[in-house]
1. Counting GluC sites (Glu not before Pro) as exposed when in a DSSP loop with at most 16 other beta carbons within 10 Å, what is the longest stretch of the chain free of them?
2. Can you give the FRET efficiency to the nearest 0.05 for K85 and D293, using r as the Cβ-Cβ distance and R₀ = 35 Å?
3. In nm, what is the difference between 0.36 nm times the number of residues separating E282 and F19 and their Cα-Cα distance?
4. In terms of the ratio Rg/(2.2 N^0.38 Å) built on C-alpha atoms, what value belongs to segment 282-371?
5. Using a Gaussian network model on the chain with a 10 Å cutoff between Cα atoms, which of V193, V341, V319 fluctuates the most?
6. I need the calculated FRET efficiency for the pair N240 and L6, taking r as the beta carbon distance and R₀ as 35 Å, to the nearest 0.05.
7. For segment 77-175, take the convex hull of the Cα atoms, compute a quarter of its surface area, and give me that in nm², please.
8. If I take all pairs of Cα atoms in segment 1-71, what percentage of them are more than 13 Å from each other?
Amino acid sequence: MFPQQLQNRLNQVKENDLFRSLKISYPQIDFSSNDYLGFSSRGLLFEEINKLVGSSKIGSTGSRLISGNSLLFQDIEQTIAQFHKADSALIYNSGYDANIGFLSSVPQKRDLILSDELIHASLIDGIRLSFATHYKFRHNDSSSLRDLLNRYHHSFNSIYILVESVYSMDGDSSPLLEIVTLCKEYENVYLIVDEAHAVGVFGKNGQGMCQELNIENDCFARIYTYGKAMGCHGAAIVGNHLLKDYLINFSRSFIYTTAMSEHSLLSIKAAYQLLHTTKEIEKLKNNILYFNDHLKKQKAFIPSNSAIHCKIASGNTQVQELENTLAKSNFFVKSIKSPTVKKDQERLRVCIHSFNTQDDINELLNALCER
Ligand SMILES: Cc1ncc(COP(=O)(O)O)c(C=O)c1O
């Protein structure tokens, strides 16, 4: 028993070669996961967490506002705020929750959200839940943002500008310095930066791009997620104390959900501790440099100094074939198809890790050269 309309939709994605199914990735040379520093897959975090586990409590037993709060939460939020040079931090169960929780509650009816056109689905879904007006500016184009600010800054109470410091599909970076300068020219403009793919990769000890550029005080809110370079799960929104008070009172994906378990909190704590001592960030940076140096012969790669690199291959069938061919040579690299990206912008998304060897990188690039 299944509604016909839904069956039709499934049939349609199958016909268009876009049917998604859950696969298990077997040990392969990893050029795909977001575990940029190997904190998860190389066991680094496991050892660190085991040093911290002190109680047998598994679940948190309730939402933060009821029975789920603890000294551990307070301690870790303080650590996060200090590490990211902010007044306060608020933990969410995931980056998706953080983004929908922020955007559905902070921008109000007579406010405007101006977002880069390539922001992540979690930010788009948050905007869908907001009563604010929304316009997009061209990807990484501060003049397009300026045009919108000029046109609308008198018509709304507050304007929220939404960018990612590293874009999850292309791996390129937002022109944050230009955007910060622009924000300062107008009143009541608030910058929000999603640092999901920058934390652990950019900045001293992996603090992220905003701190690398010294613009942390120019941001109204920054979002750090822990499922990528940090090797665990969850997220935090950092900002001033009033923002934290506001989110605790109005952010529904924070209020109406069971708080994170102690083990997950300890994973985040361990990941931050590891950032201070690990050599993996340096290794990752060297591998990114090595990959970029050896990329020169390659066509169609989008320039990137992050861990994410994309080769545009155009056509869902073509990128899928490329993924399959690489898998036969034991490389785990994922294709990104339309409609996740625009048609004819389908691509192979290569993620560089600290633990990839130079031989692996050479072999991958040779395999790609032949395509
Ligand atoms: C830019 C960006 N923001 C937020 C998220 C969501 O984070 P999480 O996986 O913790 O829900 C992702 C995940 O893919 C992302 O790429």
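All of the numbers you see were taken from the coordinates with simple rules; none came from a lab. Everything numeric here is computed off the predicted structure, so don't read it as measured data. Please note: Cβ atoms are built from the backbone with ideal geometry, for glycine as well, and neighbour counts cover all protein chains shown.
1. 188-369
2. Numbers: r = 33 Å, r/R0 = 0.93.
It comes to 0.60.
3. 90.8 nm
4. Rounded to two decimals, the normalised Rg is 1.03.
5. Judging by the Gaussian network model, the answer is V341.
6. 0.20
7. 6.9
8. Result for the distance tail: 81 percent.
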